[in-house]
1. Enumerate the calculated ³J(HN,Hα) couplings along the range 51-60 in order (Karplus 6.51 cos²θ - 1.76 cosθ + 1.60, θ = phi - 60°), each rounded to whole Hz, writing x wherever the residue is Gly or Pro.
2. With only Lys, Arg, Asp and Glu charged, each at its Cβ (+1 for the first two, -1 for the last two), find how big the charge dipole of the chain is about the Cα centre; round to the nearest 20 debye.
3. Please list Glu24, Glu4 from largest to smallest accessible area, probe radius 1.4 Å, with all protein chains kept in place.
4. Along Cα→Cβ, 7 Å out, is where each label goes; now give me the distance between the ones at Lys3 and Lys31 in nm to one decimal.
5. Under 28 Å between alpha carbons: how many lysine pairs meet that in the chain, if sequence neighbours fewer than 8 apart on the same chain are excluded?
Amino acid sequence: MSKEQTSRGRAQDRRQVAAGQDHEVRYEAEKMDVSKDEVREAVKSEGNSRQKVERKLSED
């Protein structure tokens, strides 16, 4: 009995920014050309939705 792999979990994971994961914070910081602290603050104020975080970072 093998478990079938789906991409569902990956797609959902890409829609979020895990502020506790240094590599995700670093990726967003480099992508948006901001500091890691700014990314963490955006996640704290906007939630972990990647779309909302990127919108917040582009406004500032």
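The values are calculated or read from the model by the stated rules, or taken from the named source; none is laboratory data. Worth saying up front: this structure is predicted, and the values here are computed from it rather than measured. Cβ coordinates were reconstructed from backbone atoms using ideal geometry, including for glycine residues, and neighbour counts include every protein chain displayed. We work out accessible area using only protein heavy atoms, side chains counted, and drop any ligands, DNA or RNA first. Shrake-Rupley method; radii C 1.70, N 1.55, O 1.52, S 1.80 Å.
1. 4, 5, 5, 5, 5, 4, 5, 6, 6, 6
2. Dipole magnitude for the chain comes out near 420 debye.
3. Working: Glu24 30, Glu4 165 Å².
The most accessible residue leads, giving Glu4, Glu24.
4. 2.6 nm
5. Values: Lys31/Lys44; Lys31/Lys52; Lys31/Lys56; Lys36/Lys44; Lys36/Lys52; Lys36/Lys56; Lys44/Lys52; Lys44/Lys56.
For the chain, qualifying lysine pairs total 8.
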